[in-house]
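Novice: Got a structure here, written out as structure tokens. Questions coming.
The values are calculated or read from the model by the stated rules, or taken from the named source; none is laboratory data. These figures come from a predicted structure and were not determined experimentally. Every residue, glycine as well, gets a Cβ built from its backbone with ideal geometry; the counts of neighbours run over all protein chains shown.
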Amino acid sequence: MTYSIIGILATILRTPMNAIIGLNSIALNDAVLIDVCMPEMDGLEATRVIRSMDREDAKSIPIIALTANAFDEDVQNSLQAGMNAHLSKPVEPETVFRTLEELL
């Protein structure tokens, strides 16, 4: 399902595998917000898959981790996987909006 939130196009894909399948068949939106701890495939691996896709937008779309993992090592793991930002839960909406504004 696709939504427009604060002028940003958002598609909700509930699992990483659904996201990978969906991203192979649709145009990428403005950004990807992804949970790091998910079933089937974690957000780090999903990010690596997205970044390796044979699509120009897959290389440049901002990918933002939303996770309970808050240690410096967790932030580094997110960045090394190809994410552009790492936000620790609970996340205030203003923080998400500010991060999106910085990356878009």
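Novice: Restricting attention to segment 48-70, which residues are of a type outside the set (Asp, Glu), in a loop (DSSP other than H, G, I, E, B) and out of contact with any strand residue (DSSP E or B) (no Cβ under 9 Å at 6 or more places or on another chain)? Break it down stepwise before answering.
Specialist: Initially, segment 48-70 is screened for residues of a type outside the set (Asp, Glu), giving 48-53, 55, 58-70.
Cutting the leftovers down to in a loop (DSSP other than H, G, I, E, B) gives us 53, 55, 61-62, 68-70.
If the condition is that a residue be of a type outside the set (Asp, Glu), in a loop (DSSP other than H, G, I, E, B) and out of contact with any strand residue (DSSP E or B) (no Cβ under 9 Å at 6 or more places or on another chain), then Met53, Arg55 are the ones that fit.
Novice: Now for a different question. Going through segment 25-38 one residue at a time, which ones are touching a helix residue (DSSP H, G or I) at 6+ places or on another chain (Cβ under 8 Å) and either in a loop (DSSP other than H, G, I, E, B) or basic (Lys, Arg) (or both)?
Specialist: Correct list: Ala27, Leu28, Asp30, Ala31, Val36, Cys37, Met38.
Novice: Restricted to segment 34-76, and to residues that are modelled with pLDDT under 85 and not acidic (Asp, Glu), which residue is surrounded by the most Cβ atoms within 10 Å (Cβ to Cβ)?
Specialist: Met38
Novice: Can you pull out every residue in segment 83-99 that is surrounded by fewer than 18 Cβ atoms within 10 Å (Cβ to Cβ) and either closer than 18 Å to Ala31 by Cβ or in contact with a strand residue (DSSP E or B) (Cβ under 8 Å, 6 or more places away or on another chain) (or both)?
Specialist: Answer for segment 83-99, where residues must be surrounded by fewer than 18 Cβ atoms within 10 Å (Cβ to Cβ) and either closer than 18 Å to Ala31 by Cβ or in contact with a strand residue (DSSP E or B) (Cβ under 8 Å, 6 or more places away or on another chain) (or both): Ser88, Lys89, Val91, Glu92, Pro93, Glu94, Thr95, Phe97, Arg98.
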